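Reading through the structure tokens given below for one structure.
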Amino acid sequence: MSEELFPEPEWLSEEVKTGTTIIAVTFDGGVVLGSDSRVSAGESVVNRVMNKLSPLHDKIYCALSGSAADAQTIAEIVNYQLDCIKHEEDDPLVCSAATLVKNISYKYKEELSAHLIVAGWDRKKGGQVYATLNGLLSRQPFAIGGSGSFYINGFVDAEYRKNMTKRESQEFVVNALTLAMGRDGSSGGVAYVVTIDKDGAEEKCVLGNELPKFFDE
Amino acid sequence: MFISQNFEMDSFSQNPEFTIHSFFTFLDTTIMAVEFEGGVVIGADSRTTTGAYIANRVTDKLTPIHERIFCCRSGSAADTQAIADAVTYQLGFHSIELDEAPLVQTAASLFREMCYRYREELMAGIIVAGWDPRRGGQVYTVPVGGMMTRQPVSVGGSGSSYIYGYVDSNYRAGMSKEECLKFTAEALTLAMERDGSSGGVVRLAVISEQGVERQVILGNQLPKFSTV
């Protein structure tokens with residue numbers, strides 16, 4: 001057991017992380033994904049407008065969190081793998097995309113530190129959300145991730161209801177992101193929201209001043 | 001809450017303070033206090049842990065300091081008990097000298113004085129709440145490190161991280177006593193469901209001009225938040 005008396009300053013070895021807040025929610029007919037836009041390296045914000053919602057396919061998106069490099073690479077690899085099988089069938093299942101993500105996360109779990117939430121719509125099961133933290137695969141009605149998600153655990157537990165409409169789900173996602181960005185120093189910027197249903201994916205960006213206001217002590 | 005004594009330096013770990021083997025008794029906890037017109041509502045869970053063992057599953061973390069001043073304790077059980085005892089003594093003495101009820105701010109200042117002076121040795125996060133005739137219901141938070149600030153609503157302890165979003169979105173100024181009780185019970189329940197260090201029963205107390213009313217909400221009577 002040894003103790004370091006003078007540890008080297010953190011920012012020298014700090015990797016670039018998307019200390020972040022991501023959330024995905026199913027509604028009747030599709031899913032809504034949301035993320036903040038801050039990428040930090042230690043205390044410095046290196047990108048304040050990064051879109052962490054990455055398309056894996058037409059109607060399947062994933063939300064990135066953890067190490068920026070790891071998460072982006074996983075998303076690109078899975079995007080490529082899904083493109084390869086695109087010629088065989090029109091719409092890959094969300095479950096397939098999530099399984100591909102999970103396979104990479106699990107196989108390289110010692111080297112990688114990224115948590116992706118995969119969400120989308122397919123003809124077989126409609127809107128689905130899968131969490132793939134550290135190599136597990138779990139289908140859930142909604143999922144939250146990233147450093148900012150700790151602060152909204154209570155909020156989403158209390159406010160989520162099954163069978164919300166598309167509008168209510170979008171409001172729920174924006175509210176959750178706003179609350180997390182208000183409390184987590186590693187989350188902030190703007191809110192990106194993607195809504196996926198049978199007609200396709202619709203991307204939206206909610207700027208800082210358009211975000212809802214909550215009581216601030 | 002985590003401590004960094006007796007840690008092992010893991011060369012792969014960038015955050016040595018999170019690789020711990022500690023067997024001190026902790027009130028890793030969720031505590032909360034809310035002001036309303038005419039008094040305050042305070043609440044806490046009831047779990048005290050020593051490592052992974054729950055040393056006491058029915059702890060009372062709402063400690064009376066004076067007739068209408070309470071403190072909610074989080075952090076090290078030993079430290080907070082010792083501080084609370086010392087402040088109770090000092091405040092009692094001060095109150096006799098003054099020959100009137102002490103101010104909540106005085107109690108909070110005494111806590112702050114001790115927590116700041118001995119900040120290197122102590123691990124204590126305390127919320128001081130009560131009622132006095134001059135300023136009515138007040139909540140003062142004295143987190144680890146020894147700062148003091150007055151807030152209309154304050155949460156503390158390890159479980160508090162999970163309910164910041166809930167408290168931010170659901171608190172409104174001017175709630176009634178019943179609304180505050182419901183708000184506190186629900187927030188504590190949500191935190192207890194997510195935080196492994198918080199659990200057991202919910203203890204609540206209402207402090208007002210009339211005195212102190214205490215209540216306990218047992219595990220099976222807690223509000224239900226099911227997402228299945």
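Just so it is clear, none of the values below were taken in a lab; they were calculated from the coordinates. The structure presented is a predicted model; accordingly, all values stated were derived computationally and were not measured. FYI the Cβ positions are ideal-geometry reconstructions off the backbone, even for glycines, and counts take in every protein chain you see.
Given a cut-off of 22 Å, name the pairs among A:Lys213/B:Lys177; A:Lys52/A:Lys125; A:Lys162/B:Lys224; A:Lys52/A:Lys204 whose C-alpha atoms lie farther apart than that in the structure shown.
From A:Lys213/B:Lys177; A:Lys52/A:Lys125; A:Lys162/B:Lys224; A:Lys52/A:Lys204, over 22 Å: A:Lys213/B:Lys177; A:Lys52/A:Lys125.
Please identify the longest segment of chain A free of exposed trypsin sites (Lys or Arg not before Pro), where exposed means a DSSP state other than H, G, I, E or B and no more than 15 other Cβ atoms within 10 Å. Before the final figure, lay out the partial values.
On the way: sites that count: A:Arg48, A:Lys109, A:Arg123, A:Lys124, A:Lys125, A:Arg161, A:Lys162, A:Lys198, A:Lys213.
No qualifying site falls inside A:49-108, the longest such stretch.
List the equivalent ellipsoid semi-axes of the range B:148-213 in whole Å, largest first, each obtained as the square root of 5λ for an eigenvalue λ of the Cα gyration tensor. Walk me through the numbers before you get to the answer.
Details: eigenvalues 84, 44, 28 Å².
Equivalent-ellipsoid dimensions as semi-axes: 20, 15, 12 Å.
Kindly provide the GluC sites (Glu not before Pro) of the range B:97-147 that DSSP labels as loop, not H, G, I, E or B, and whose Cβ sees at most 11 other Cβ atoms within 10 Å. Please list the in-between numbers first.
Working: sites: B:Glu97, B:Glu100, B:Glu113, B:Glu120, B:Glu121; in loops: B:Glu100, B:Glu120, B:Glu121.
Listed in order of number, the matching sites are B:Glu100, B:Glu120, B:Glu121.
How big is the dipole moment of the protein assembly as shown about its Cα centre under a simple scheme where the beta carbon of each Lys and Arg is +1, that of each Asp and Glu is -1, and everything else is neutral? Debye, nearest 20, please.
Computed about the Cα centre, the dipole is about 1100 debye.
What does the extension gain come out to for A:Thr99 and A:Lys213, with contour length at 0.36 nm per residue minus their alpha carbon separation? Write out the running numbers ahead of the final one.
Numbers: separation 114, 0.36 × 114 = 41.04 nm, distance 3.78 nm.
Length difference between fully extended and current span is 37.3 nm.
Measuring from the lowest to the highest alpha carbon on each principal axis, how far does the protein assembly as shown reach, largest first, in angstroms?
Principal-axis extents of the Cα atoms in the protein assembly as shown, largest first: 86, 53, 40 Å.
I'd like the Karplus ³J(HN,Hα) series for the range B:201-214: coefficients 6.51, -1.76, 1.60, θ = phi - 60°, whole numbers in Hz, and an x wherever there's a Gly or Pro.
These are the phi-based 3J(HN,Hα) values: 10, 9, 9, 10, 8, 10, 10, 8, 4, 6, x, 10, 10, 10 Hz.
Taking every residue in B:166-176, how many Cβ atoms of other protein chains lie within 10 Å of its Cβ, on average? All intermediate terms of the calculation are to be shown ahead of the outcome.
Working: counts 10, 8, 13, 13, 6, 4, 1, 1, 0, 0, 0.
Taking all residues of B:166-176 together, the mean is 5.
Filter the trypsin sites (Lys or Arg not before Pro) in the range B:132-228 to those in DSSP coil with at most 12 other Cβ atoms within 10 Å of their Cβ, and list the result.
Values: sites: B:Arg134, B:Arg135, B:Arg150, B:Arg172, B:Lys177, B:Lys182, B:Arg194, B:Arg203, B:Arg214, B:Lys224; in loops: B:Arg134, B:Arg135, B:Arg172, B:Lys224.
For trypsin sites (Lys or Arg not before Pro) across the range B:132-228 that sit outside H, G, I, E and B with at most 12 neighbouring Cβ atoms in 10 Å, the list reads B:Arg134, B:Arg135, B:Arg172, B:Lys224.
Using 0.36 nm per residue, how much length does the chain from A:Glu203 to A:Glu76 gain when fully extended, once their Cα-Cα distance is taken away? List each step's numbers first, then the result.
Numbers: separation 127, 0.36 × 127 = 45.72 nm, distance 1.89 nm.
Value of the extension gain: 43.8 nm.
For A:Arg161 and A:Gln140, calculate 0.36 nm times their separation in residues minus their Cα-Cα distance, and state this gained length in nm to one decimal. Walk me through the numbers on the way to the answer.
Values: separation 21, 0.36 × 21 = 7.56 nm, distance 1.29 nm.
Gain on extension, A:Arg161 to A:Gln140, equals 6.3 nm.
Given DSSP loops and a limit of at most 12 other Cβ atoms within 10 Å, what is the longest stretch of chain B that contains no such chymotrypsin sites (Phe, Trp or Tyr not before Pro)?
It runs B:24-228.
What are the extents of the Cα atoms of the range B:31-217 along their three principal axes, in Å, largest first?
45, 39, 25
Once phi is turned into θ = phi - 60°, what whole-Hz ³J(HN,Hα) does the Karplus curve with 6.51, -1.76 and 1.60 give for every residue of the range A:195-201, x standing for Gly and Pro?
My calculation for the range A:195-201 gives 10, 10, 9, 5, 8, x, 10 Hz in order.
I'd like the mean, over residues of A:159-166, of how many other protein chain beta carbons sit within 10 Å of each residue's own Cβ.
On the way: counts 6, 3, 1, 3, 0, 0, 0, 0.
Other-chain Cβ atoms within 10 Å of each residue's Cβ, averaged: 2.
Order these by the 10 Å Cβ neighbour count, fewest first: A:Val31, B:Val142. Kindly include the intermediate steps, with their values, before the conclusion.
Details: A:Val31 30, B:Val142 27.
Final ranking by Cβ density, sparse to dense: B:Val142, A:Val31.
Charges on Cβ only, +1 for Lys and Arg, -1 for Asp and Glu, centred on the Cα centroid of the range B:31-217; of B:Gly157, B:Thr59, B:Leu190, which one is farthest towards the dipole's positive end?
B:Leu190
Sorted from fewest to most neighbouring beta carbons within 10 Å, what does the list A:Cys95, B:Cys180 look like? Each step should come with its number before you reach the end.
On the way: A:Cys95 18, B:Cys180 25.
So the residues, fewest neighbours to most, are A:Cys95, B:Cys180.
Pairs of Cα atoms under 8 Å, at least six residues apart: use those to get the relative contact order of the range A:20-206, whole percent.
Working: 445 pairs, mean separation 61.5, N = 187.
Contact order relative to length: 33 percent.
Classify the range A:130-179 from the C-alpha gyration tensor, please: rounded if a/c falls under 1.5, else prolate or oblate depending on whether a/b exceeds b/c. Don't jump to the answer; show the numbers that get you there.
Numbers: a/c = 2.13, a/b = 1.32, b/c = 1.61.
Cα axes put the range A:130-179 in the oblate bin.
Can you pull the mean other chain C-beta count within 10 Å for peptide A:143-155? Walk me through the numbers before you get to the answer.
Values: counts 0, 1, 0, 0, 0, 2, 2, 7, 9, 8, 12, 24, 11.
Mean shielding by partner chains, rounded to a whole number: 6.
Would you please classify the overall shape of chain A from the alpha carbon gyration tensor, given that a ≥ b ≥ c denote the square roots of the eigenvalues, rounded means a/c under 1.5, and beyond that prolate means a/b larger than b/c while oblate covers the rest?
Working: a/c = 1.93, a/b = 1.22, b/c = 1.58.
Verdict is oblate for chain A.
How many percent of the alpha carbon pairs in the range B:26-68 exceed a separation of 13 Å? Present the calculation step by step, with values, prior to reporting the outcome.
Values: 549 of 903 pairs.
Every Cα pair in the range B:26-68 considered, those over 13 Å come to 61 percent.
Quick one: compute the contact order of chain B, relative version, from alpha carbon pairs under 8 angstrom and 6+ residues apart, as a percent. Numbers along the way, then the final one.
Working: 523 pairs, mean separation 57.4, N = 228.
Normalised by residue count, the contact order of chain B is 25 percent.
Please label the shape of the range B:89-136 as rounded, prolate or oblate, based on the square roots a ≥ b ≥ c of the eigenvalues of the alpha-carbon gyration tensor (a/c under 1.5 means rounded; beyond that, a/b larger than b/c means prolate, else oblate). Show your work: numbers first, answer last.
Numbers: a/c = 3.42, a/b = 1.75, b/c = 1.95.
Oblate, because a/c is 1.5 or more while a/b does not exceed b/c.
What is the Cα radius of gyration of the range A:140-217 over 2.2 N^0.38 Å, N being its residue count? Walk me through the intermediate numbers first.
Working: Rg = 12.8 Å, N = 78, 2.2 N^0.38 = 11.5 Å.
My calculation over the Cα atoms of the range A:140-217 gives 1.11.
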